[in-house]
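No value in this document is a laboratory result; all are computed from the given coordinates. These figures come from a predicted structure and were not determined experimentally. Note that each Cβ is placed from the backbone with ideal geometry, even for glycine, and that neighbours are counted across all protein chains shown.
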Amino acid sequence: MNNCNHTWLYIGSKRQKIWRCTLCDEYRIDDPNIKREWKSLTDEEMLSCLDRMTFKESLLAVEAKLKEKNNGI
Ligand SMILES: [Zn+2]
């Protein structure tokens with residue numbers, strides 16, 4: 001993380017789309033294989049997390065469930 005207002009220059013290859021900032025050394029890779037979709041909870045899953053003793057415990061349960069569904073992101 002820096003304060004650079006990145007200007008991306010495409011230096012991709014056939015296998016990967018790679019962009020490099022012309023102002024700093026930052027680069028990013030657009031790999032379709034690592035693109036992940038965020039999964040949210042269904043209503044039932046949400047409700048199943050809200051029966052904890054305290055509000056905080058319910059929140060922690062929701063968070064744990066979300067992590068589980070999103071493979072520990
Ligand atoms: Zn930059």
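As a proxy for reagent exposure, THR7, THR54 were ordered by neighbouring Cβ count within 10 angstrom, fewest first; the result is THR54, THR7. For the chain, a simple Cβ point-charge model (Lys and Arg +1, Asp and Glu -1, everything else neutral) yields a dipole of about 440 debye relative to the Cα centre. For the chain, the longest principal axis of the alpha carbon atoms and the long axis of helix 55-69 meet at an angle near 50°.
Lys-Lys pairs in the chain that are eight or more residues apart or on separate chains and whose Cα atoms lie under 13 Å of each other come to 4. Taking label points 7 Å from Cα along the Cα-to-Cβ direction, CYS21 and GLU44 give a separation of 4.6 nm. GNM remark for the chain: springs join alpha carbons under 10 Å apart, and the peak mean-square fluctuation among ARG52, ARG15, ARG28 falls on ARG15. Each of ALA64, TRP38, SER48 was scored by the projection of its Cα onto the charge dipole of the chain, and the greatest displacement toward the positive side belongs to TRP38; charges sit on the C-beta of Lys, Arg, Asp and Glu. Extent along the principal axes, Cα only, for the chain: 53, 29, 16 Å, with the longest axis given first. Simple spin-label estimate for TRP8 and LYS65 gives 3.5 nm between the two label positions (7 Å along the Cα-to-Cβ direction from each Cα).
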